[in-house]
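Worksheet: the structure to be examined is printed underneath.
What follows draws every value from the coordinates through simple rules; no lab data is involved. Just so it is clear, the model here is predicted, and its values are computed rather than measured. A quick note on method: Cβ atoms are made from the backbone with ideal geometry, for glycine too, and the neighbour counts reach across all protein chains shown.
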Amino acid sequence: MLISCVKQYKEDLESCQKKRIWEKISKEINEKLITNFTPTQVDTKWKGLVRLYKDIKKHNDTSGKNKKSWKYWLLMNEILFNKPEIVAPATCSSNKGLIVNVPVENIQGEQHGTSFQNKRKAKSNSIEKRHHDKMLRIDNLNSSIQELISVIRERKSTE
């Protein structure tokens, strides 16, 4: 349930105040599962899942080790597969020099940019969305004021 909620609010978690999003997620989980988790508890649980994902990914990327499996691997991988905290956008060493990691494909084969590019795009999209929402509210307010003015004029003309 937590993983699906985080997937649903993924863009918001990357671009907005996380505290408000964790409140929404905890409220949604509490309503569906009839529980009483706080936003802090939900955030802590998510961080634990991310830590476990990183550990398993690091273990599986190291050669010569038995692969670990986890029933939530695919779901977590859909969300985290290209984040810079998980896969560095670039690495540099004295042996190989600078290596820039190119965007990779996720499990479904969809092409994605780097997480940084996705965050920048999500942030600009959220700014545009907030602006659009604000303009709609202003238009609605203007309409209401115009209606009020017309009602007042009608009353004055009948008096």
So which GluC sites (Glu not before Pro) in segment 1-89 end up in coil per DSSP with only 10 or fewer other C-beta atoms within 10 Å?
E85
Shape of segment 1-80 from its Cα gyration tensor (a ≥ b ≥ c, root eigenvalues): rounded if a/c is under 1.5, otherwise prolate when a/b > b/c, or oblate?
prolate
Place a +1 charge on the Cβ of each Lys and Arg in segment 1-80 and a -1 charge on the Cβ of each Asp and Glu, then give the dipole magnitude about the Cα centre in debye, rounded to the nearest 20.
360
